[in-house]
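The values are calculated or read from the model by the stated rules, or taken from the named source; none is laboratory data. Here the structure is a predicted model, which is why all the values come from computation and not from measurement. Don't worry about glycine lacking a Cβ; one is built from the backbone with ideal geometry, like all the others, and counts go over all protein chains shown. Accessible surface is based on the protein model in full, side chains and every heavy atom, while ligands, DNA and RNA are left aside. Shrake-Rupley method; radii C 1.70, N 1.55, O 1.52, S 1.80 Å.
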Amino acid sequence: MIKKCSYFIGIITLIVLVLSAFKKYETESISKFLTTAKENITYHVPTENEVSEKLLADNYKVIPITKSKSFIEFKEALAERESAGEYDIVNSYGYMGKYQFGKSALKTIGINDSQEFLDNPAMQEKAFVALLQINKWILRKEILKYQGKRVGGVLITESGILAAAHLGGAGSVQDFLRSNGTVSFSDGYGTNIKHYIKKFAGYDTSNITEDKQAMVM
């Protein structure tokens with residue numbers, strides 16, 4: 001009987017010791033994560049510069065917004081190609097001014113005095129817009145049908161069509177488009193309308209209104 005009591009007392013004592021050890025360990029573990037009232041807890045919030053530096057360090061790249069090419073850029077680029085931007089120039093074929101107008105084109109928009117045209121930059125600018133308006137009216141169906149497509153290996157845009165019409169006339173542009181690019185008019189210097197369609201693509205010519213009777217007053 002005494003042996004049994006001693007056995008049970010020993011078991012109970014062992015259990016008490018084990019439980020005491022776990023409790024002590026738990027208390028010590030938790031105490032490591034507790035803070036006292038005297039401790040200062042600080043947080044660091046990154047500044048805007050630090051964020052920017054981090055982004056650059058991680059090789060983040062800023063993608064620039066591509067702006068569409070304006071009408072002013074269109075007409076100046078075309079003028080540079082036609083005459084180097086000179087108002088008083090006349091080429092060997094008799095084409096005149098900054099945008100190289102022939103006499104027949106001038107008559108179409110109501111200009112009969114070639115010398116007055118050469119001497120008047122403001123008139124030349126108005127003449128350029130008026131001819132664009134007429135060509136845009138003539139080619140309105142082609143612009144609607146072909147814009148955004150590829151013909152003869154080149155992307156068709158409204159500005160490219162209008163530039164090509166300025167070079168070779170609206171009819172030449174129609175021939176090029178309807179023949180799927182196999183018919184391409186070239187001027188006296190060997191420049192063809194396919195080249196103009198490609199070179200002057202992607203400009204904003206939306207401000208040009210269709211007007212089959214546009215005149216320079």
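On the basis of being open to solvent by less than 30 Å² (accessible area, probe 1.4 Å), assigned to a helix (DSSP H, G or I) and at pLDDT 95 or above, does E142 make the cut?
Criteria met by E142.
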Report yes if R178 is over 20 Å from G102 (Cα atoms), out of contact with any Asp or Glu (no Cβ under 6 Å at 6 or more places or on another chain) and modelled with pLDDT of 95 or more, otherwise no.
-> yes
So which residues in segment 187-217 are open to solvent by 30 Å² or more (accessible area, probe 1.4 Å), under 15 Å from K75 (Cβ atoms) and assigned to a loop (DSSP other than H, G, I, E, B)?
-> G202, D204, S206, N207
Residue list for segment 91-134, restricted to those being outside any helix (DSSP H, G or I), of a type in the set (G, A, S) and buried (at least 20 other Cβ atoms within 10 Å of the Cβ) | G97
In segment 78-88, how many are in a loop (DSSP other than H, G, I, E, B), without any contact (Cβ under 8 Å) to a residue 24 or more places away in the chain and open to solvent by 70 Å² or more (accessible area, probe 1.4 Å)?
-> 1
Considering residues of segment 145-158 that are of a type in the set (A, V, I, L, M) and open to solvent by less than 30 Å² (accessible area, probe 1.4 Å) only, the residue farthest from F200 (Cα to Cα) = V151
Filter segment 67-77 down to residues that are open to solvent by less than 60 Å² (accessible area, probe 1.4 Å) and of a type outside the set (K, R), then give me how many there are.
-> 4
Options S184, S172: the member that is at pLDDT below 95, open to solvent by 10 Å² or more (accessible area, probe 1.4 Å) and of a type in the set (S, T, Y) | S184
Under 9 Å between Cβ atoms, at least 6 apart or on separate chains: pull out the pairs that start in segment 196-213 with a residue that is under 13 Å from A164 (Cβ atoms) and among the small types (G, A, S) and end on any residue that is open to solvent by 40 Å² or more (accessible area, probe 1.4 Å) and not in a loop (DSSP other than H, G, I, E, B).
-> A201/L155
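I'm trying to understand the selection: among the residues of segment 146-170, which are farther than 21 Å from I72 by Cβ, assigned to a helix (DSSP H, G or I) and more than 23 Å from the chain's Cα centre (by Cα)?
Pass one, segment 146-170, residues farther than 21 Å from I72 by Cβ: 146-156, 168-170.
Narrowing the set further to residues that are assigned to a helix (DSSP H, G or I) leaves 146, 168, 170.
Residues satisfying the conditions are G168, A170.
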Filter result for K75 (out of contact with any Gly (no Cβ under 9 Å at 6 or more places or on another chain), at pLDDT 95 or above and assigned to a helix (DSSP H, G or I)) = yes
Looking at (1) modelled with pLDDT of 95 or more; (2) open to solvent by less than 70 Å² (accessible area, probe 1.4 Å), which is the one condition that is false for W137?
-> (2)
